[in-house]
1. Return a yes/no flag: does the stretch 39-51 have any residue that is in contact (Cβ under 8 Å) with a residue 12 or more places away in the chain and more than 10 Å from the chain's Cα centre (by Cα).
2. Within the stretch 13-37, how many residues turn out to be polar (S, T, N, Q) and either assigned by TED's automatic domain parsing to the domain that holds residue 73 or modelled with pLDDT under 95 (or both)?
Amino acid sequence: MNTDRLLRLDNQLCFALYVCSKEIIKKYKPILAPLGLTYTGYIAMLSLWEKDNVTVSELGDTLYLDSGTLTPLLKKLEEVGLVGRLRSREDERTVV
C-alpha cells in the first residue's frame, strides 16, 4: 500500500470517529431540542445527575470541556432553572 493512500482522510481512524460523533449528536438533536438541551448540555446534566455538588472544574475534567465552553453552557442551564451555581464558602474562587 502506498503512503499517499494511507494518508487519505477516509483512511484515518480519527476521521471515522469524528464522523461517528457528529452522527450520534445529530440523532440526539430532535430528542433534546424540545427539552431546550444541546447534546453537550445533556451530557452535563447526566454527569450532574450522577453526582451532586460538583465543582465547575470537576465537571470540566469529567466531560473533557474547558472553562470557555463549560461556563456559558452552565449559565444557559442556570437561566432555564436546570442547575444552580454557588461559590464555595471556603474558597470564593471555587464554584459548585
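The values are calculated or read from the model by the stated rules, or taken from the named source; none is laboratory data. Note that the structure is predicted; figures quoted are calculated from it, not measured. Glycine gets a Cβ as well: all are built from the backbone with ideal geometry, and neighbour counts include every protein chain shown.
1. Going through the stretch 39-51, the residues in contact (Cβ under 8 Å) with a residue 12 or more places away in the chain turn out to be 39-45, 47-48.
From what is left, the residues that are more than 10 Å from the chain's Cα centre (by Cα) are 48.
Within the stretch 39-51, one or more residues are in contact (Cβ under 8 Å) with a residue 12 or more places away in the chain and more than 10 Å from the chain's Cα centre (by Cα).
2. Keep residues of the stretch 13-37 that are polar (S, T, N, Q), which gives 21.
Next cut, either assigned by TED's automatic domain parsing to the domain that holds residue 73 or modelled with pLDDT under 95 (or both) only: none.
The total comes to 0.
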